[in-house]
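Single-structure report; data block below.
Values quoted throughout were computed directly from the atomic coordinates according to the rules given, and no laboratory measurement underlies them. In this text the structure is predicted, and so the values were computed from the model without any measurement. Cβ placement follows ideal geometry from the backbone for every residue including glycine, while neighbour counts extend to all protein chains displayed.
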Amino acid sequence: MNFIYKSAPIGDEIIDLDEKNNIVKGYGSYFDNKDSDMDIIRRGAYQKTIQENGQRVKYLYQHDMMQPIGKMNELYEDEKGLVFTAEIPKTQLGNDVIELMKAGVITENSVGIMPIVKEMMNDYREIREVKLYEISAVTMAANDQAKILDVKGMVDIDKVYKRYDNICKLLRKGNISDDMGYALESEILKLKTYFINATQPVEETTEPVEKSHEVDIYKYLINKL
């Protein structure tokens, strides 16, 4: 199972933005609409994960575990989609994110999920249950920060290395809390998905793509973990 992202625009869909207290309320994702991945998430898909792990879901910046910006005060489904209320501490990053939302630079929220119950239909995949790990404020749906592969299928090895190094450092500290364990699980699943995608055959278009980086990543993972 792959870790995937699903986005919802902030724009007119932001329910509330309390600038004084840095509280954002909006939709993490929508129900019953076919997205660019040909997926449709049905109402009820988030209920189980909210009940079991809702208190561990954090608000991140650009799906980066190392840049948490807030905690969830509310997390529930309505008839339209997944609703969240996030309280953002007045750190420099938190204040910047609020300002970027107001300026229309950050234009979407996006969920990081693992599909659990899914079924292929005629021309789409129906998702009826997911495991929710995080909700992120992102710049756009095709969020570059949430992808390690670029348009030619090359791998940004430095980003892969850095993210694995961060996990190793956290694990060395020991005494991992449940919340940290949940966040680490999310990060590992993301990296697994990136690695799977990076090692898939790349369809060449105008010029050949070097694949030697795949071997470098494999050796690195074996040596580090």
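Roughly how many nanometres apart are two label points built 7 Å out from the Cα toward the Cβ at residue 162 and residue 37?
Each label point is offset 7 Å from its Cα along the Cβ direction, giving 2.4 nm.
Modelling each spin label as a point 7 Å along the Cα-to-Cβ direction, I'd like the residue 91/residue 176 distance in nm, to one decimal.
With each label placed 7 Å out from Cα toward Cβ, I get 2.0 nm.
Show log10 I(q)/I(0) for the stretch 7-136 at q = 0.09 Å⁻¹, two decimals, from a solvent-free Debye sum over equal Cα scatterers.
-0.25
As a test of the definition: which semi-axes, in Å, follow for the stretch 82-140 when you take the square root of five times each eigenvalue of its alpha carbon gyration tensor? Largest first, please.
For the stretch 82-140, the ellipsoid semi-axes come out as 31, 14, 8 Å.
For the stretch 45-123, what's the relative contact order in percent, using C-alpha pairs closer than 8 Å and at least 6 residues apart?
19
Over the alpha carbons of the stretch 1-84, what is the largest minus smallest coordinate on each principal axis, giving the biggest first in Å?
38, 28, 24 Å, listed from the longest principal axis down.
Just list whichever of 102/159; 80/173; 71/118 have alpha carbons separated by over 32 Å in the model shown.
Cα-Cα > 32 Å for 80/173; rest within.
Between residue 188 and residue 74, what is the label-to-label distance in nm when each label sits 7 Å out along the Cα-to-Cβ direction?
A separation of 3.5 nm, rounded to one decimal place.
Using bins 10 angstrom wide from zero, how does P(r) for the stretch 23-67 break down, in % of all Cα pairs?
Pairs per bin, as whole percents: 20, 42, 36, 1.
Show the residues, 5+ positions off or on another chain, whose built amide H is closer than 5 Å to the amide H of residue 116.
Amide H neighbours of residue 116: 129, 130, 131.
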